[in-house]
Amino acid sequence: MLQIGRQDSFEREYVGKFRSLVAKFGEVVTYERDRGARDIGVHFTRRLPSDNEVVSAALCWFQLKGFMETTLSTEDFESQDEIRISLEVRHLRYWYLQPVPTYLALYVASVDAFLVLNLSDYIATTWGPGILGLEQESATVRIPRRSRLDEQAFGLIMAKSDGDAWARALGKDELIGDSCYRDYQLIWHLGSAPDRGVRHRVVFWDWQSKTRSQFWFQEKPPAGGSWIDLREHWQYMMDVAELEEAYPYVEFFDPPSEDIEGYPDWLVKTNWNEDEAILGEPPTVELRNGDAVPGLNCMDEYFKYIFGARLNDLGWDLYESVGILQKAGLVEVAPGQKENVSVAPWHYRAV
C-alpha cells in the first residue's frame, strides 16, 4: 500500500478547512497548473439587502501554511504576541511585484484557527524594493496573534478592494469610495430626508463608567410616531468631541426642542438628583458650525447629548455618488433597516 506522509495529510486537512471557511464569502479561484507560488484565490461576492449576491471588485490570493500541534502548542501560541514563520525570499519577491494582493493564511492546529497577514503590504513595509536584492534564501515573517482570518477579516479585505474600485468608478478620491462603502445606507437616508419629509438626530452616550461611547442615528417619520434607529455605533475610547471627525460628511447642529424629547433612558435610579452627581455638569460640545450643545449627566453613568443631523457639502457629493452606485446595481438601499457599527482595537486584522 502507498503511504501518505503526515505533513501531506495535515496539508489536505487545513486546505479543506480553508475552502469551507471561504465558501460563503466568494468563489474559489485556482491555477490550472501550480505556477503562481500561490495556493488559492478568492473572488469575493457581496450579499445585498434583497438577499441577492453580486460579484465584488475584491479578488486576492492566499498562500496557505500550517503548524501542527506538535510544532506550536496552545500554550506557546497564547504566550506570544506574534507568530513567526520562515518563507522563501524568491516567493516574497514575486508577491511584492504582483498587482493583486497576496495574503498568508496560517493554520494553527492547536487552536483550530487561521491567522491572516497581507503579505503584499508586509513586504512593502518591511523591505520595500530592498526585497529584490535580499541575499538570503529565506526570511522570517511575523503575524499578529490576534489577526484571525474570520468574517471581520474577510469584510475588511472586501471593503478595501470595493472602496478603491468604487472611488475609481466614481472618479473620486478614496474618502468618497470608503465612505460610500461603509455608510451608503445612512447617506441615502440623510440625503433623501427632504423628499421623504423626515428628520434626523443623533443621541450620543458618552459613557463615564465604560471605556466606550455609544450613539444612535435616528429618523422621525413625517406622520409622527416614535423615532426609529437607523444605526447604532459603538467605539472604544471615543469622546463626543470626535463625532464630527468620525462622520465628516454630516453637519451636526443644535436640534429644535421638539427633537430633544422622546428617547427613553435605560438607566433609572430612584430619587436621583443632579445635586448628587460626582462628575458634575457635562462639558458643552462646540460644533464646527458654531452651535453649542449641552450635555445631561445621567446618574454618573454617561453624559447624554442630542444633535440634529443633515448632510454637509461633502455629504451631498456622497449622496450623488450613492445614486450612481444604485443605478449601476452595486448597492441596494433598504429604507428603515437598522445597521450596527463597532470600532475597537480587537477588531484589527493585519489585512
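The values are calculated or read from the model by the stated rules, or taken from the named source; none is laboratory data. Because the structure is a prediction, the values reported are computed rather than measured. FYI the Cβ positions are ideal-geometry reconstructions off the backbone, even for glycines, and counts take in every protein chain you see.
Within the group GLU27, GLU32, which residue is over 19 Å from GLU13 (Cβ atoms), among the charged types (D, E, K, R) and touching a His at 6+ places or on another chain (Cβ under 7 Å)?
It is GLU27.
Taking the condition touching a residue at least 60 places away in the same chain (Cβ under 8 Å) and over 28 Å from the mean Cα position of the chain (by Cα), does PHE10 pass?
Here the answer is yes, as PHE10 does meet what is asked.
Where in segment 133-251 are there strands (runs of 3 or more DSSP E), lying wholly inside it, with at least 2 residues that are in contact with a Ser or Thr (Cβ under 7 Å, 6 or more places away or on another chain) and surrounded by 17 or more Cβ atoms within 10 Å (Cβ to Cβ)?
Of the strands (runs of 3 or more DSSP E) lying wholly inside segment 133-251, those with at least 2 residues that are in contact with a Ser or Thr (Cβ under 7 Å, 6 or more places away or on another chain) and surrounded by 17 or more Cβ atoms within 10 Å (Cβ to Cβ) span 199-207, 228-236.
Return the residue satisfying two criteria in turn: it lies in segment 269-313 and is aliphatic (A, V, I, L, M), crowded, with 16+ Cβ neighbours inside 10 Å and modelled with pLDDT of 90 or more, and of such residues it is nearest to GLU245 (Cα to Cα).
Taking the candidates together, the pick is LEU287.
In this structure, does SER86 turn out to be surrounded by fewer than 16 Cβ atoms within 10 Å (Cβ to Cβ), touching a residue at least 12 places away in the same chain (Cβ under 8 Å) and either within 30 Å of ILE324 (Cα to Cα) or more than 24 Å from the chain's Cα centre (by Cα) (or both)?
Yes: the conditions hold for SER86.
In segment 55-74, which residues are part of a strand (DSSP E or B), surrounded by 15 or more Cβ atoms within 10 Å (Cβ to Cβ) and either out of contact with any Pro (no Cβ under 6 Å at 6 or more places or on another chain) or charged (D, E, K, R) (or both)?
Passing the criteria: SER56, ALA57, ALA58, LEU59, TRP61, PHE62, GLN63, LEU64, LYS65, GLY66, PHE67.
Being at pLDDT 75 or above and in contact with an Asp or Glu (Cβ under 6 Å, 6 or more places away or on another chain) is the filter here; which residues of segment 146-184 pass it?
Scanning segment 146-184 gives a single hit, TYR181.
Between a residue in segment 320-344 that is more than 12 Å from TRP166 (Cα to Cα) and any residue that is in a loop (DSSP other than H, G, I, E, B) and small (Gly, Ala, Ser), which pairs come within a Cβ distance under 6 Å, given they are 6 or more apart or on different chains?
Pairs found: GLU332/SER50.
With the requirement that a residue be closer than 14 Å to LEU48 by Cα and in contact with a strand residue (DSSP E or B) (Cβ under 8 Å, 6 or more places away or on another chain), what does segment 318-336 give you?
GLY329, LEU330
Need pairs with beta-carbon distance below 7 Å; first residue within 13 Å of LEU186 (Cβ to Cβ) and within segment 197-221, second outside any strand (DSSP E or B) and among the β-branched types (Val, Ile, Thr); sequence gap 6+ or separate chains.
GLU219/VAL198
Out of curiosity, is GLY191 of a type outside the set (A, V, I, L, M, F, W, C) and modelled with pLDDT of 95 or more?
Yes; evaluated as a whole, the condition is true for this residue.
Within segment 110-131, is even one residue at pLDDT below 95 and of a type in the set (A, V, I, L, M, F, W, C)?
Within segment 110-131 (the criterion being at pLDDT below 95 and of a type in the set (A, V, I, L, M, F, W, C)), the answer is no, since none of the residues qualifies.
Could you tell me which of the residues SER86, SER110 is in contact with a strand residue (DSSP E or B) (Cβ under 8 Å, 6 or more places away or on another chain) and outside any strand (DSSP E or B)?
SER110
Of all residues being assigned to a helix (DSSP H, G or I) and among the small types (Gly, Ala, Ser) in segment 113-126, which is nearest to LEU149 (Cα to Cα)? Just the residue, please.
Per the criteria, the residue is SER120.
Among the residues of segment 27-50, which ones are of a type outside the set (A, V, I, L, M, F, W, C), out of contact with any helix residue (DSSP H, G or I) (no Cβ under 9 Å at 6 or more places or on another chain) and either surrounded by fewer than 13 Cβ atoms within 10 Å (Cβ to Cβ) or not in a strand (DSSP E or B) (or both)?
THR30, TYR31, GLU32, ARG33, ASP34, ARG35, ARG47, SER50
Of all residues in segment 96-117, which are under 14 Å from PHE67 (Cβ atoms) and polar (S, T, N, Q)?
SER110
Count, please, the residues in segment 24-48 that happen to be at pLDDT below 85 and closer than 30 Å to VAL333 by Cβ.
The number of residues fulfilling the criteria is 3.
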